[in-house]
1. Keeping to region 165-192, report how many residues are touching a strand residue (DSSP E or B) at 6+ places or on another chain (Cβ under 8 Å) and closer than 19 Å to residue 73 by Cα.
2. Which members of region 246-267 meet the condition of being in a helix (DSSP H, G or I) and within 16 Å of the ligand (Cβ to nearest atom)?
3. Could we say that residue 230 is farther than 14 Å from residue 28 by Cβ, in contact with a strand residue (DSSP E or B) (Cβ under 8 Å, 6 or more places away or on another chain) and either at pLDDT 95 or above or in a helix (DSSP H, G or I) (or both) here?
4. List, please: which pairs have Cβ atoms under 8 Å, are six or more places apart or on different chains, and start with a residue in region 249-262 that is in contact (Cβ under 8 Å) with a residue 12 or more places away in the chain and under 16 Å from residue 100 (Cβ atoms) and end with one that is within 8 Å of the ligand (Cβ to nearest atom) and not in a helix (DSSP H, G or I)?
5. Please specify each residue of region 4-44 satisfying the condition of being touching a residue at least 40 places away in the same chain (Cβ under 8 Å), outside any helix (DSSP H, G or I) and within 16 Å of the ligand (Cβ to nearest atom).
6. Got a number for residues in region 146-182 being in a strand (DSSP E or B), more than 16 Å from the ligand (Cβ to nearest atom) and closer than 18 Å to residue 113 by Cα?
7. Testing residue 239 on (1) outside any loop (DSSP other than H, G, I, E, B); (2) free of Cβ contacts under 8 Å to residues at least 40 places away in the same chain; (3) touching a helix residue (DSSP H, G or I) at 6+ places or on another chain (Cβ under 8 Å), one condition comes back false. Which one is that?
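The values are calculated or read from the model by the stated rules, or taken from the named source; none is laboratory data. Remember, predicted model here, so these are calculated numbers, not experimental data. Neighbour counts are summed over all protein chains in view; Cβ atoms, including those assigned to glycine, are modelled from backbone coordinates with ideal geometry.
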Ligand code: OAD
């Protein structure tokens, strides 16, 4: 007779087999990601034990008011996170998502992550909803500039904050609480959602996000309305869990590597 844990293993295998089948049938895939995708690379999440917001008031480092009040403190937080990117590398979740982009006729990856691991894994059809750690924006002329190297912490500590060639103070090009997303990002995502259909053609994968910000921007409900199949990949329940057709309680890198091998065995 089966024990409870082997029962669960059988159910998990059945859910993975369903995901493999859905990935094979799909022609159009939208992926919506959060911090969980980078956990297996060693990048911390925001919420929960050990998260970036633990012991840190969001209002002190991730709002326009915080930057106005104490730009040095905000820059210290972001310069540390920029420096952290040097020691990490893409994990199989990033690699598989880049492979999906090459595989599907219709593909879009919308990430809330401000790290650069998707790009480093080769993703190009990529919207960085919350901006990028490795870009600065001028508070005067608004010019956005990619930066190859982290802003040196020693400069921040000496209160020599980075400035634009126009003389304006630079800020990290990330979206802070209380700020709007870029309209062109929303439009691009909405256009992709508008093209989704039923009959197994369209698939939404929501990976490694708690959905705590703006209820996941309503993406799951919108995709469901269009007839798309919807899947959550996350070791833990989230704010969005009840909205999905299929839920896989597993780490993103481990799961995606395992199922993608079944869909596209090419190395
Ligand atoms: P959260 O920290 O809110 O959630 C991270 C999610 O990752 C949780 O649901 C975890 O269960 C899940 N997780 C942990 N390990 C995982 C793994 N190996 N594989 C898959 N999932 C895993 O991060 P986000 O949802 O990304 O915004 O947060 C959204 C936004 O809130 C962030 O972009 C940031 C934050 O405040 C700003 O800074 C503006």
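1. Kept after step one, since they are touching a strand residue (DSSP E or B) at 6+ places or on another chain (Cβ under 8 Å), are these residues of region 165-192: 166, 168-175, 185, 188-189, 192.
Narrowing the set further to residues that are closer than 19 Å to residue 73 by Cα leaves 168-175.
Going through region 165-192 one residue at a time, the tally reaches 8.
2. Those that are in a helix (DSSP H, G or I) and within 16 Å of the ligand (Cβ to nearest atom): 252, 253, 254, 255, 256, 257, 258, 259, 260.
3. Numbers: farther than 14 Å from residue 28 by Cβ: no; in contact with a strand residue (DSSP E or B) (Cβ under 8 Å, 6 or more places away or on another chain): yes; either at pLDDT 95 or above or in a helix (DSSP H, G or I) (or both): yes.
No, not satisfied.
4. Close Cβ pairs (under 8 Å, with a partner that is within 8 Å of the ligand (Cβ to nearest atom) and not in a helix (DSSP H, G or I)) amount to 252/207; 252/208; 252/233; 252/234; 255/233; 256/207; 256/233.
5. Pass one, region 4-44, residues touching a residue at least 40 places away in the same chain (Cβ under 8 Å): 12, 15-16, 18-20, 22-43.
Add one more test, that the residue is outside any helix (DSSP H, G or I), and what stays is 26-34, 42-43.
31, 32, 33, 34, 42, 43, listed by residue number.
6. 1
7. (1)
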